[in-house]
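The values are calculated or read from the model by the stated rules, or taken from the named source; none is laboratory data. Predicted model only: the values in this text are computed from it and were never measured. Every residue, glycine as well, gets a Cβ built from its backbone with ideal geometry; the counts of neighbours run over all protein chains shown. When the accessible area is computed, the model is the full protein with side chains, heavy atoms only, and any ligands, DNA or RNA have been set aside. Shrake-Rupley method; radii C 1.70, N 1.55, O 1.52, S 1.80 Å.
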Number of protein chains: 2
Amino acid sequence: MNRTASIKDVATHASVAVGTVSNVLNYPDRVSERTRERVLRAIDELGFVRNDAARQLRVGHSRTIGLIVLDVGNPFFTSVVRSAEDAAALQGSAVLLGDSGHDAGREANYIDLFQEQRVQGLLISPVGDVTDRLDLLRERGVPTVLVDRLADESKFSSVAVDDDAGGYLAARHLLDTGRRRLAFVGGPTSIRQVADRLEGARRAVKEEPDATLEVLDSEGQTVLAGRSVGDMLVQRGRAELPDGIFCANDLLALGVMQSLTMTHTFRIPEDVALIGYDDIDFAVSAVVPLSSIRQPTELLGRTAIELLSEEVESQNPVHRAVVFTPELVVRQSTAAPAAG
Amino acid sequence: MNRTASIKDVATHASVAVGTVSNVLNYPDRVSERTRERVLRAIDELGFVRNDAARQLRVGHSRTIGLIVLDVGNPFFTSVVRSAEDAAALQGSAVLLGDSGHDAGREANYIDLFQEQRVQGLLISPVGDVTDRLDLLRERGVPTVLVDRLADESKFSSVAVDDDAGGYLAARHLLDTGRRRLAFVGGPTSIRQVADRLEGARRAVKEEPDATLEVLDSEGQTVLAGRSVGDMLVQRGRAELPDGIFCANDLLALGVMQSLTMTHTFRIPEDVALIGYDDIDFAVSAVVPLSSIRQPTELLGRTAIELLSEEVESQNPVHRAVVFTPELVVRQSTAAPAAG
DNA sequence: GCGTTTTTTTGAATCGTTTCATTGTTACGA
DNA sequence: TCGTAACAATGAAACGATTCAAAAAAACGC
């Protein structure tokens, strides 16, 4: 009574062979209407639930896809996870989610776990440099797609967003609304994303001979880090204040905004325009709604799944690196100052 | 060459029996040092990775625990997930995470999927009323623990946080710092959490004969909803403004704060004190750091795993409903007004 | 009614582990 | 040297699904 019913129990109960039950489950139209109904009734009566381990053992692979992200709490990844799950569901797969929390050890554990589970493939936003480990996976025939990181196309497929283009968009927007003394606020430029966004901003500024770009280093990417940069700016005389600030991420921008608005000495956007990056939910509901650069996260997740499917299907894998273009979202924080 | 090595291959390669390889994997000290090393070397050379499906088929259950949450993007659940994962890892289990997104259909899919995977048990923060489905699970012998929802103790174990106590704490703190004209801001009271928090606040207010509590309904639980409640308050004359506001969640509180500070007519905490609920990351970095009620989310996740283990181990399950007490976090937004 | 084709059903073999009764080996005291 | 106990290693059986060649049943044409 305690043991869950097996396919054999169902077969007995419906007076058919086990093969027939399996066919009802997997190829319903190979089975005549009458017996199909009989089998379905038996399944229902016994409360049969297919044992996926047995199925998997026989067919050699699972119906799941592993997904390892750096931080589920980060809205960027949350959105990627959602869209990947949806895309996977459409093709009949489920997603096993792992949160490495930027920890290489946890990441390694998940990779091992997913291998033991014989996932169909792996989507990963890797912690630092894991090419060795990923090479191993490749040798063992686990198709892998890198997420939010460009990959050597001879080895892996990847999906990412063009941060250089995003940086350009943001700076170009500030310039287009008449600002000329720009500042970039961003954490350590050793982070690829930060460096690329800065590079894009530089490119835009070079297009206007009379424009300048100042780089303000921040301690990390948090609201508090933004606040201290903002405090520093407030100290300066009004004449030395930039008239357009581009922050490497929305949290920084919100921090800067808090500093500037708290003192009531500077107005946003009249005295200084402010734009962030990521377009997090808080951006729209900030004290002054924040302009930002939105990344097509849904597309990222969906495309990652698609690339993985391609690799799974084709024996002879040709890798692709897909790069998406981010999008400018204009809100009040960069509204053009009154003419004159 | 393409196929991954099996335990049999390892056995051949190391010139031992398959049982010995299995023992090396599962009971290393049943095997002599010499052969153990030999087997380990073979495993390494062949790149053997245990096939968990086969293992599971034999032993009858997996090493994974299913966890279905309402929204991974919600910091509350993110934290629960993390701690559950850590606790599970300690006892050698892994967590399969499902995000129902408040959608009963997705929830049902995950329940089915997890059943097919023969998870050891299920932690679930259910969408609406799923007692029927959960009853089914119970009959099929899948131990289940409800998260953030009290359960009929005759049927399930559960972990939750005492929202009534949290509401009391918040209101009591406002009263203790001298406020008497309190307001509660909260979404539809059909949400259990909101209703309980309000109830707790009422209890505290009744303790002070000269204190009053006004209930301000909000449209949902977002920053924007908080803003519109705040705007409404600003319209009122100063005399009619409450001197202490308790919001059912931090997002609401941040919205109210934005309204009040933007107009520069009221100061927080001098004119009005403000306290939220959940202690999200943004609370500490708000314009005026926000007091809040912290829920022991790490403890929730860990305890859920422990309760589940209890059910798994004992044949004769005795269910427990564990309720945690939330904690007051005092910050500047409720600092006592200057004496006099 | 009979031979032929098509459709349905059958059930043994298989996947890769773990388990455990059995056999083989070693160590040790008398 | 022998008997016995402790320890190691063995390998067949089992888990529950899918697969597929073969058998059985049904449908068809004449």
Taking amide H positions as placed in the peptide plane 1.01 Å from N, state which residues far from B:Val145 in sequence (5 or more) or on other chains have amide H under 5 Å from it.
B:Leu122, B:Leu123, B:Ile124
About the Cα centre, and with charges only on the beta carbon of Lys, Arg (+1) and Asp, Glu (-1), how big is the dipole of chain A? Nearest 20 debye, please.
940 debye
Relative to the present Cα-Cα distance, how much length would full extension add between B:Asp210 and B:Asp176 at 0.36 nm per residue of separation?
10.9 nm
Give the interface area between chains A and B as buried accessible surface, both sides summed, probe 1.4 Å, in Å² to the nearest 100.
4200 Å²
Between the helical axis of A:163-176 and the dominant principal axis of chain A, each derived from Cα atoms, what acute angle in degrees is found, rounded to the nearest 10?
40 degrees
Lys and Arg at +1, Asp and Glu at -1: add these up for the other residues within a Cβ distance under 12 Å of B:Tyr168 and post the number.
-2
Between copies, how close do the A:Ala89 label points come, placed 7 Å along Cα→Cβ, listed in nm from shortest?
2.8
Here the correct list, in nm and shortest first, of distances from A:Val59 to the same site in the other copies, label points 7 Å along Cα→Cβ, is 2.5
Selection from A:Ala17, A:Phe48, A:Pro28 lying farthest towards where the dipole of the stretch A:7-50 points positive, charges on Cβ
A:Ala17
Separation between the B:Glu270 and A:Arg203 pseudo-spin-labels, each 7 Å from Cα along Cα→Cβ, expressed in nm?
5.0 nm
Given chain B, what percent of its DSSP beta bridges are antiparallel, to the nearest 5?
10 percent
Inter-chain shielding of B:46-55 (mean C-beta neighbours from other protein chains, 10 Å cut-off)
5
Using only Cα atoms, what Kirkwood radius does the stretch B:160-233 have, in angstroms?
12.6 Å
What nm distances, shortest first, do you get from the label point of B:Glu153 to those in the other copies when the point sits 7 angstrom along Cα to Cβ?
6.4
With label points built 7 Å along Cα→Cβ from the Cα atoms of B:Arg58 and A:Asp44, find their separation and express it in nm.
3.9 nm
Below 10 angstrom from the Cβ of A:Arg180, what's the summed charge of the other residues (Lys, Arg +1; Asp, Glu -1)?
-1
Viscosity 0.890 mPa s, temperature 25 °C: what is the translational diffusion coefficient of the stretch B:192-340 from Stokes-Einstein with a Kirkwood Rh over Cα pairs, rounded to a whole number of µm²/s?
143 µm²/s
Where does the longest stretch of chain B lie that holds no trypsin sites (Lys or Arg not before Pro) found in a DSSP loop with 11 or fewer other Cβ atoms within 10 Å?
B:4-235
Count neighbours as other Cβ atoms within 10 Å of each site's Cβ, and list the GluC sites (Glu not before Pro) in the stretch B:128-225 that are DSSP loop with at most 13 such neighbours.
B:Glu153, B:Glu207, B:Glu219
R0 of 35 Å, Cβ-Cβ distance B:Asp135-B:Asp86: FRET efficiency to nearest 0.05:
0.70
With a/c under 1.5 counting as rounded, go ahead and sort the protein assembly as shown into rounded, prolate or oblate using the C-alpha gyration tensor (a ≥ b ≥ c being the square roots of the eigenvalues; past the cut-off, prolate if a/b is larger than b/c, else oblate).
oblate
Hey, in the GNM for chain A with a 10 angstrom Cα cutoff, which one of A:Val288, A:Val72, A:Val18 fluctuates hardest?
A:Val18
At what distance in nm do the modelled label points of A:Asn26 and B:Val330 sit from each other, each positioned 7 Å from its Cα along Cα→Cβ?
6.7 nm
Positive end of the charge dipole of chain A (Lys, Arg +1 and Asp, Glu -1 on Cβ, about the Cα centre): tell me which of A:Met257, A:Ala204, A:Ile65 has its Cα farthest that way.
A:Ile65
